[in-house]
1. Kindly indicate whether GLY165 is more than 30 Å from LEU135 (Cβ to Cβ) and either at pLDDT 95 or above or of a type outside the set (S, T, N, Q) (or both).
2. Quick one: PHE194 ticks every box in (1) out of contact with any helix residue (DSSP H, G or I) (no Cβ under 9 Å at 6 or more places or on another chain); (2) closer than 23 Å to TYR117 by Cα bar one, so which box is it?
3. So, in region 123-161, how many residues would count as being touching a Leu at 6+ places or on another chain (Cβ under 9 Å) and either over 21 Å from CYS199 (Cα atoms) or within 16 Å of ligand 2 (Cβ to nearest atom) (or both)?
4. If a residue has to be within 11 Å of the chain's Cα centre (by Cα) and not in a loop (DSSP other than H, G, I, E, B) to count, how many in region 79-91 make the cut?
5. Go through (1) crowded, with 23+ Cβ neighbours inside 10 Å; (2) within 16 Å of ligand 2 (Cβ to nearest atom) and name the single condition VAL116 misses.
6. Of the residues that make up region 100-111, is at least one assigned to a helix (DSSP H, G or I), within 16 Å of ligand 1 (Cβ to nearest atom) and not hydroxyl-bearing (Ser, Thr, Tyr)?
7. In region 24-33, how many are buried (at least 17 other Cβ atoms within 10 Å of the Cβ) and either modelled with pLDDT under 90 or within 11 Å of ligand 2 (Cβ to nearest atom) (or both)?
8. Condition test on GLY154, is it out of contact with any His (no Cβ under 6 Å at 6 or more places or on another chain), assigned to a loop (DSSP other than H, G, I, E, B), within 16 Å of ligand 1 (Cβ to nearest atom) and within 25 Å of GLN221 (Cβ to Cβ)?
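The values are calculated or read from the model by the stated rules, or taken from the named source; none is laboratory data. These numbers were taken from a predicted model, which means no experiment stands behind them. Cβ placement follows ideal geometry from the backbone for every residue including glycine, while neighbour counts extend to all protein chains displayed.
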Amino acid sequence: GNIFKSSVSAGENDFARHPCFSESLNQYARIHLPVAPACNIQCRYCLRKYCCANECRPGVTALVMTPVEALDWYLSQKKQFPEITVAGVAGPGDALANWPVVKETLRKIRAVDPEVYLCLSTNGLLLLEYAEELLESGVRFVTVTVNCVEAECGAKLYAFVNYKGTQFRGVEAAKLLFRQQVGGIRAAKKLGLFIKINCVAIDGINLDQIEKVANLADELQCDVMNIIPLLPVHGSELEKEKPPSCEQIEKLRQTCGKKIRQMKHCNHCRADAVGRLKGK
Ligand code: SF4
Ligand code: SF4
């Protein structure tokens with residue numbers, strides 16, 4: 001039957017078919033549809049002309065497609081990679097800040113392939129608003145980037161947040177974003193969506209926050225956490241910051257792993273990535 005009809009009863013089976021949420025690396029593949037250029041916040045580690053650094057390999061300019069182009073691309077790639085089980089939108093900006101085109105793209109994909117799992121990644125600002133629509137559109141997997149829980153740290157990470165026609169800055173912006181993220185994740189979980197929490201780790205900025213994010217993710221019953229060492233983007237405000245060492249990341253993953261399952265095989269994909277993930 002059509003799995004998209006059931007709102008809550010997504011089993012471990014579904015979970016295992018997403019190569020990012022589970023580690024069935026060599027079996028299944030994902031395709032990213034780069035249809036989301038705009039963003040509604042400014043992470044200080046991101047440069048707009050590049051791919052969303054929350055999910056993708058930063059510093060790589062991503063092409064942007066229209067929904068029609070994305071569908072053509074999907075069909076041609078599916079021929080080449082029949083093992084594609086997941087189609088997702090991960091930038092180059094925020095998927096939900098571009099919801100009308102994203103929705104249209106997903107509708108087209110589902111019309112030709114009702115079996116494919118749909119996923120998207122977001123900073124979470126608009127998740128509360130769109131959670132229901134995501135479910136209706138057939139989206140089962142959502143990645144939300146949560147880099148901190150404390151607004152003082154958030155002010156170091158985000159230059160501004162644009163919400164409903166107003167621009168927020170500093171601690172106020174961080175508080176708003178965090179509140180929306182928590183509300184959005186809660187709503188999405190209630191609807192039975194799988195949630196992956198991405199957390200960009202930046203030495204000297206948010207390492208003390210990451211365990212707190214893991215606790216929160218556990219509390220909100222998220223499914224998996226992906227700690228991503230910052231890859232500094234030349235020209236971004238935080239270009240001089242260092243990524244944590246492998247040992248630091250390993251330690252963080254161990255500590256956080258006590259609270260929530262850790263994804264260790266993220267490939268830093270581009271917004272237009274396709275194929276199977278490579279293992280470590
Ligand atoms: Fe860049 Fe993504 Fe942050 Fe938007 S959410 S500013 S695209 S890293
Ligand atoms: Fe999966 Fe990471 Fe690639 Fe996103 S960037 S599709 S989480 S491997």
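1. Working: more than 30 Å from LEU135 (Cβ to Cβ): no; either at pLDDT 95 or above or of a type outside the set (S, T, N, Q) (or both): yes.
No; evaluated as a whole, the condition is false for this residue.
2. Checking PHE194 against (1) out of contact with any helix residue (DSSP H, G or I) (no Cβ under 9 Å at 6 or more places or on another chain); (2) closer than 23 Å to TYR117 by Cα, the one that fails is (1).
3. Here the count works out to 17.
4. So the answer is 2.
5. (1)
6. Applying the first criterion (assigned to a helix (DSSP H, G or I)) to region 100-111 yields 100-111.
If we keep only those that are within 16 Å of ligand 1 (Cβ to nearest atom) too, we end up with 101-102.
After this cut, where a residue has to be not hydroxyl-bearing (Ser, Thr, Tyr) as well, the list is 101-102.
There is at least one residue in region 100-111 that is assigned to a helix (DSSP H, G or I), within 16 Å of ligand 1 (Cβ to nearest atom) and not hydroxyl-bearing (Ser, Thr, Tyr).
7. So the count comes out to 5.
8. Numbers: out of contact with any His (no Cβ under 6 Å at 6 or more places or on another chain): yes; assigned to a loop (DSSP other than H, G, I, E, B): no; within 16 Å of ligand 1 (Cβ to nearest atom): yes; within 25 Å of GLN221 (Cβ to Cβ): yes.
No, not satisfied.
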